[in-house]
1. For residues in the stretch 503-523 being surrounded by fewer than 13 Cβ atoms within 10 Å (Cβ to Cβ) and either within 15 Å of L478 (Cβ to Cβ) or not assigned by TED's automatic domain parsing to the domain that holds T472 (or both), which is modelled with the highest pLDDT?
2. If E293 satisfies all but one of (1) assigned to a helix (DSSP H, G or I); (2) closer than 21 Å to L65 by Cβ, what's the number of the condition it fails?
3. Would you say S131 is part of a helix (DSSP H, G or I), over 17 Å from V94 (Cα atoms), touching a residue at least 12 places away in the same chain (Cβ under 8 Å) and out of contact with any Pro (no Cβ under 8 Å at 6 or more places or on another chain)?
4. Please find, within the stretch 92-150, the residue that is surrounded by the most Cβ atoms within 10 Å (Cβ to Cβ) out of those that are modelled with pLDDT under 85 and small (G, A, S).
5. Going through the stretch 525-539 one residue at a time, which ones are in contact with a helix residue (DSSP H, G or I) (Cβ under 8 Å, 6 or more places away or on another chain) and either at pLDDT below 80 or loosely packed, with under 13 Cβ neighbours inside 10 Å (or both)?
6. Considering only the stretch 42-56, I want to know if a residue exists there that is at pLDDT 85 or above, of a type outside the set (S, T, Y), farther than 30 Å from W264 by Cα and in a helix (DSSP H, G or I).
7. Any residue at all in the stretch 61-80 that's touching a residue at least 24 places away in the same chain (Cβ under 8 Å), hydroxyl-bearing (S, T, Y) and surrounded by fewer than 18 Cβ atoms within 10 Å (Cβ to Cβ)?
Amino acid sequence: MEELQQVAGVDVFHFIHLTSAFLSFLSQVSILLAIELIWNLCEVLFIDAAPAGSLLLHLLDWVRLHKADVDEKAKDVLQSDSPTEHRDYWNVVVSYVLQGRLEEARQMLVKQATLQPGSRNMYKLMDGLLSKMPFYNPGGTQTLTEFDVKWRNWHEEVDRYLKDNTFTSNRHLELICKILVGDEDTLLEQKELLSTWYHFLVTRLLYSHPTVKPTDLHYYAQSCLTMFLDSRSVQEPLDSILLAAFEFDIYLVIKDCSIVLNNWWFVAHLTDLLDHCKLLQSHNLNFGSNMREFLLLEYASGLFTHHSLWQCAVDYFDHCPELGRACLELQIERVPLDTERKALKVLRICEERQMSEQVRSICKIMAMRALRNNRLGSALSWSIRAKDAAFATLISERFLQDYCAKGTFSDLDLIDNLGPAMLLSDRLTFLGKYREFHKLYGEKHFKEAAKLLLSLMTAKIAPRSFWMTLLTDALPLLEQKEVIFSADQTYELMYCLEELTSSLDTTEEDVEQTKVELLRLSLARNLAMAIVKEGTVET
C-alpha cells in the first residue's frame, strides 16, 4: 500500500501518457485503505469485543490510525520559521482535539501562549481543562461508574466556562471549548477536518457519551451518518459496510464486502478469523457447507487462475476439511504443465497428498510428451513414476529398436540405475538385464555374462523378435579360446536356435540365414570343446 501511495503521489504530469495506470494506482490504494479500515473496526467490535469505556478508547485508536494526515501537517508547522503564524497552526490544534490527542494539543498551545502575554490566563485555563479531561483506564482500580461521575464533573466545568463567555475574546479557544462540551453544530462545522462521518461519530462520543455501550453504538452511528451527509450526498458502499459492523451484523459485513470489493481475499481471511473466534456458528446454515470454507474455496479457486499464485491456493484447499480435497483434485488437473519443472511441482503436491490418480495422469501426460519429442529416457522415467506397466513396455520396445538400429543404448545412466523399477514390466526387466549383460561383457566377466544371456532366453523374458540379437551376442563368447558355455548350456542355446529357425520364414534374407549357419557352426565347435573339457579328468 505504501509503494502504491508513493507511485500515485508522483507528480501527475509524469502520468500524462499513463493516465489509466495512474488511476489504477489510486483505485488500488483506496481499496486497500478501505480493507484496512473495515478489518481494524471488525477487530475492535468482534474480536476484542471491547466493553463500555474501553470501546471508545479502541475507536479512538482506530480513527487516529486512519486519519494520520494531522501528523504530517504538524511536522510542517513545527519546522516552519514561525509555527504560530503558519496557516495550518490552528487546524493542527483543533485536529488534535477532535482526535482526543489532548497532550499534543497542549504542547501546540504553549507556543501561542508565550507570544500573547495578555491572554496567558485564558490559555492557562484552557490548558487546565485539557489536562483534567478524564480518560477511562481499563486496567486501573477505578470503576466505570466512578469514571462516569468524574467525567460529568469535568464536562459541567467546561460547560460553565462556555456559558460564562470565558473564551469569547479568542475565537480559537472558544471553538475548542465548544468541541470539549460536545456541541454538535460546532462539530459539524469541522467537516473538513473530520472528513468522514465515522470520525465525527467517535469525536461526538468522546465529548458526549464516553461510556457508550456496544449495543447502543448503531443508534449513534446511524444518526451521525445522517447528520454528516447532506441531502445531496450519496451513501457509499463503504458506509453501508461500516454501519453493518456498528450494528454487529457480521453476516451483512461479509455479504457487502463480497459484493463491493474486487476479489475474495478480504472476506475469506476475515471470515476465517471470525470462525476461529467462534463467531460464525449461527450463520453456517446459510450455505451447504461452512461459510468459512465456502469463501476460502472461492478465493483459492481464483488463485488457481494465476500463473504463479496457484501454489498458494493449495494451502487454502488443505484447510478446507469438507470439500477442499475434491476441489484441489479438480483444479490441479487444469494447471497447464508448460515445463518439466512446473510438472514436478504439481507432481510433488499430488504425491504429498497421496492423490494417486492425479499422479498417474500427470506422469502419463509428460511421458507422452517426451516420447513425441523422442526423449526416451525422460519418457521412461515418467512412465516408471506413474507405475504404468503398459507404457513402460512400449518405451522399452523403443529402446530395444533404437539399439538394434544404432548398436548402442541411449540414456545409459537411467537404464543402469533402474533398480527395483525394472520389475514394473517384463520388457523393462529384460531391458535392464540386457544392459547388465553388456556391462558384464565389457568388464570381461564372460561366464557371468553367458549365464545371464542364456537365462534371458530360457526364462522367456526376452521377446522372440530379439532372440536372434541375443544369439548373435553369444557368438563372441562361443569363439573364445576358453570354454565359456558348458555342454548343457550349449544344448540349451542350440534348442533356442532351432526353436527360432523353425518359426523363421523360408524367404528370410540371406543375412539371417548366414547368421544361423555361423551360429550352428560355433555351437557345434563349442559343444565339442565343452564335452572334451568336461570329460577330461584333472590330475
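The values are calculated or read from the model by the stated rules, or taken from the named source; none is laboratory data. The structure displayed is predicted, hence computed values, not measured ones. Positions of Cβ are generated from backbone atoms using ideal geometry, with glycine treated the same way; all protein chains shown enter the neighbour counts.
1. Out of the qualifying residues, it is L521.
2. Of everything listed in (1) assigned to a helix (DSSP H, G or I); (2) closer than 21 Å to L65 by Cβ, E293 misses just condition (2).
3. Values: part of a helix (DSSP H, G or I): yes; over 17 Å from V94 (Cα atoms): no; touching a residue at least 12 places away in the same chain (Cβ under 8 Å): yes; out of contact with any Pro (no Cβ under 8 Å at 6 or more places or on another chain): yes.
Answer is no for this residue.
4. Of everything passing the filter in the stretch 92-150, A113 is surrounded by the most Cβ atoms within 10 Å (Cβ to Cβ).
5. Within the stretch 525-539, the subset in contact with a helix residue (DSSP H, G or I) (Cβ under 8 Å, 6 or more places away or on another chain) is 525-527, 530-531, 534.
Hit for the stretch 525-539 is E534, nothing else.
6. Yes, that holds for at least one residue.
7. no
One line per residue, one yes/no per condition, for (1) acidic (D, E); (2) in contact with a Lys or Arg (Cβ under 7 Å, 6 or more places away or on another chain); (3) assigned by TED's automatic domain parsing to the domain that holds R101; (4) assigned to a helix (DSSP H, G or I):
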{"site": "S119", "(1), (2), (3), (4)": "no, no, yes, yes"}
{"site": "M122", "(1), (2), (3), (4)": "no, no, yes, yes"}
{"site": "L125", "(1), (2), (3), (4)": "no, no, yes, yes"}
{"site": "T141", "(1), (2), (3), (4)": "no, no, yes, no"}
{"site": "T145", "(1), (2), (3), (4)": "no, no, yes, yes"}
{"site": "N165", "(1), (2), (3), (4)": "no, no, yes, no"}
{"site": "I176", "(1), (2), (3), (4)": "no, no, yes, yes"}
{"site": "G182", "(1), (2), (3), (4)": "no, yes, yes, no"}
{"site": "T186", "(1), (2), (3), (4)": "no, yes, yes, yes"}
